[in-house]
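The values are calculated or read from the model by the stated rules, or taken from the named source; none is laboratory data. Owing to the predicted nature of the structure, the values given are computational and were not obtained by experimental measurement. For neighbour counting, all protein chains shown are included, and Cβ atoms are generated from backbone atoms with ideal geometry for every residue, glycine included.
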Amino acid sequence: MRAGQLGMIATPASGNRIEPGVAWIADNSAYTGHYPGDDRYLAWLAARTVHRGQCAFATAPDVVGDAAATWARSRPVLPRIRALGYPAALVAQDGLEDLGIDWGLFDGLFLGGSTAWKLGPAAARLAAHARSLGLHVHMGRVRWALLACLAWDPRRF
């Protein structure tokens, strides 16, 4: 990580310390069911502003697997993340392609959602559109998504 070849993900639930000079992203812990709520999450980010220069983005709160609920939950928090000096990211969930969202409210797209959706054409189009706008794109749970594509057999590892 110190050589710049690998970054880290920090969450309010993980207790991980941000290493000085290491690239990182801030994730909200919604996937694990440990989202602390908007005020506590924003306070957690505020306590780490000394490291925000190395932070690619901080995710807004999401609802796993539900794009409409995620957009409703994220929309008011995205500007608050930016107000702390972090690039804000929307966590894309299944069905985001069917919503009219304001792409100007965020700086990154975090591909969440189900493995099938995340690896499908709708997510690919969203990622391409985000990149065309100059937004950072990240895919969550890549290891599991790749193992699903490889028809993972635990005896092989």
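When the criteria are applied in full, P79 fails the requirement of being farther than 30 Å from L119 by Cα and free of Cβ contacts under 8 Å to residues at least 40 places away in the same chain.
Taking the criterion of being under 29 Å from S114 (Cβ atoms) and surrounded by 12 or more Cβ atoms within 10 Å (Cβ to Cβ), the residues of segment 1-15 that qualify are G7, M8, I9, A10, T11, P12, A13, S14.
Considering only residues that are among the β-branched types (V, I, T) and exposed (fewer than 15 other Cβ atoms within 10 Å of the Cβ), look in segment 22-51 and name the one that is modelled with the lowest pLDDT. Can you show your working first?
Looking only at segment 22-51, we keep the residues that are among the β-branched types (V, I, T), and these are 22, 25, 32, 49-50.
Filter again for exposed (fewer than 15 other Cβ atoms within 10 Å of the Cβ), leaving 32, 49-50.
Details: T32: 81, T49: 94, V50: 94.
That would be T32.
For (1) on the phi > 0 side of the Ramachandran plot; (2) polar (S, T, N, Q); (3) free of Cβ contacts under 8 Å to residues at least 60 places away in the same chain; (4) touching a helix residue (DSSP H, G or I) at 6+ places or on another chain (Cβ under 7 Å), each residue gets a yes or a no:
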position	(1), (2), (3), (4)
M8	no, no, yes, no
A13	no, no, yes, no
W24	no, no, yes, yes
S29	yes, yes, yes, no
A43	no, no, yes, no
V50	no, no, yes, no
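Would you pick out the residues in segment 52-69 that are in contact with a Pro (Cβ under 8 Å, 6 or more places away or on another chain) and either at pLDDT 95 or above or closer than 21 Å to G113 by Cα (or both)? Answer for segment 52-69, where residues must be in contact with a Pro (Cβ under 8 Å, 6 or more places away or on another chain) and either at pLDDT 95 or above or closer than 21 Å to G113 by Cα (or both): A56, F57, A58.
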